[in-house]
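I have placed the structure first, in the form of C-alpha cells, so that the comments after it can refer back to it.
Nothing in this text is a laboratory measurement; each read-out follows from the coordinates by a stated rule. These numbers come from a predicted model, not from an experiment. Counting neighbours? That spans all protein chains shown, and the Cβs are built from the backbone with ideal geometry, glycine included.
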Amino acid sequence: MKNIILVGYMGSGKTEVGKILAKHWDLRFINMDSEIELQTGMTVGQLFEQFGEDYFRNLEQDYLRTFTCKEPFVLSTGGGTPCYNNQMDVLKNLGTTIYLQCSNETLFSRLKNEREHRPLIAGLSDEELRESIEFRMKQREPIYQLAHCTIKENSKPEEIIFHHLLRRN
C-alpha cells in the first residue's frame with residue numbers, strides 16, 4: 001500500500017476523509033497541523049499570531065524535511081502546505097497525493113462558523129471570508145491540481161479514493 005497524502009483548501013474535508021481511509025485500510029493517520037502543535041507546544045493559531053504565516057510555513061517545510069514514518073500512512077496536510085516552498089513535489093514523493101476539490105461556496109458554508117479556530121480567516125466578515133476564499137483559491141488551485149488525483153466535492157471521496165488507489169497498486 002502506498003502512502004496517501006490529502007491536499008486541499010481548509011474545510012475541504014482532509015481530516016475527515018483521512019480518518020476514514022486510515023481506518024478502512026488500518027493505516028496510521030497523521031494530521032500535519034496536530035503534529036506541528038505537538039512539536040512546538042503551541043496551537044496553529046498561536047503560531048500565526050505570535051510569529052506570522054511565514055514562520056508557520058517554514059515549520060511545515062521543516063516537518064516534511066525531517067518526516068520519517070516506517071509504516072504506511074494517511075497524511076492530512078494543512079491547506080497551504082503544498083503551496084509554499086515547492087512542497088507539492090515533496091508530498092508527491094511521499095505517496096499518492098489526492099486533492100479534495102470543493103467550490104468556493106461549499107468552502108464558505110463549511111468555514112463561516114469555524115473562523116475562530118482558523119487563523120487565516122479569524123475575524124473576517126462574511127463578505128471578507130468569501131473574498132479571501134476566492135483570492136486564495138485562485139492562487140492555490142493550480143498547485144492543488146498537480147496532485148496525482150482530484151476528487152470533486154459531490155462524490156463520495158472515500159469510495160473514489162479506494163478505487164483509484166486499488167488501480168494504482
> Which value, in debye to the nearest 20, gives the size of the charge dipole of the chain about its Cα centre, when Lys and Arg are +1 and Asp and Glu are -1 at the Cβ?
Replying inline: 760
>> For a quick check: sort SER76, SER109 by the number of other beta carbons within 10 angstrom, fewest at the front.
In response: SER109, SER76
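According to the square roots a ≥ b ≥ c of the eigenvalues of the Cα gyration tensor, what is the shape class of the chain, taking rounded for a/c under 1.5, prolate for a/b larger than b/c otherwise, and oblate for the remainder?
Oblate.
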> Between GLU141 and GLU71, what FRET efficiency follows from the Cβ-Cβ distance if R0 is 41 Å, with the result rounded to 0.05?
Replying inline: 0.80
> Listing TYR55, TYR9, TYR144, TYR63 from the residue with the fewest other Cβ atoms within 10 Å to the one with the most, what is the order?
Replying inline: TYR55, TYR63, TYR144, TYR9
>> Through the Karplus equation 6.51 cos²θ - 1.76 cosθ + 1.60, θ set to phi - 60°, convert the phi angles of region 5-12 into ³J(HN,Hα) values in whole Hz; use x for Gly and Pro.
In response: 10, 9, 10, x, 5, 4, x, 7
